[in-house]
Amino acid sequence: MGQAATLPCRRGGSYVMELYEWFRKFIIECPSGLITLHEFQRHFCNGTGGSESAEYAEQIFRTLDNNEDGVVDFREYVMAISLLVEGSAVEKLRWSFKLYDKDRDGAITREEMLEIMQAVYKMGLAADLTKPNPLTAEECTNRIFQRLDKDNNAVISLEEFIEGALDDDWMREMLECDPNTVRVERPPGRDSALGTHG
């Protein structure tokens, strides 16, 4: 659910060739080698339901921008793609945790989780990205907190996040940024730098 970022799909072949292809697309769309938040939102929103995804795109952008300089360079971009495509479950969950931890204080509050879930739900409904979920964003957030907040302190720590997601398939599907979970189809004839992701 929380995994609708825009990343290229694996197409087989060697990793070096895929890396080259990602770089080529990135440079076509971002000749400076850098992508700003506005550019990222434009590309992300074009393929994932328009303005409904702008807030979610902003949080993904902030998670990609490791050095917090306001732009994502190819190195930051490809590191995230590589991790989300090739990384272990724990690595993917660490990245996902940063996505939900909006204020970067090392803990996810119910409000932070709900904001991301609401953005994902709006985006999913607008673009038909996800399979139907019988739970609302609020119910989903409550369920996640009930299962993950083991010490009942109203926040989810990184340890609780990873341990809980690894122990529960539903939780892991909801929280892990897995490129194989959700596919975003691009409009025909569009060659976007940001590819597709699930």
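The values are calculated or read from the model by the stated rules, or taken from the named source; none is laboratory data. In this text, all values refer to a predicted model and were calculated from it rather than measured experimentally. No Cβ is skipped: glycine too gets one built from the backbone with ideal geometry, and neighbour counts run over all protein chains shown.
Of note:
- Test: residue in the stretch 87-109 that is more than 13 Å from the chain's Cα centre (by Cα), at pLDDT below 75 and loosely packed, with under 13 Cβ neighbours inside 10 Å: no
- Matching option when the condition is more than 23 Å from Glu159 (Cβ to Cβ), modelled with pLDDT of 80 or more and surrounded by 20 or more Cβ atoms within 10 Å (Cβ to Cβ), among Val72, Val78: Val72
- Residues within the stretch 1-49 that are part of a loop (DSSP other than H, G, I, E, B) and at pLDDT 80 or above, tallied: 4
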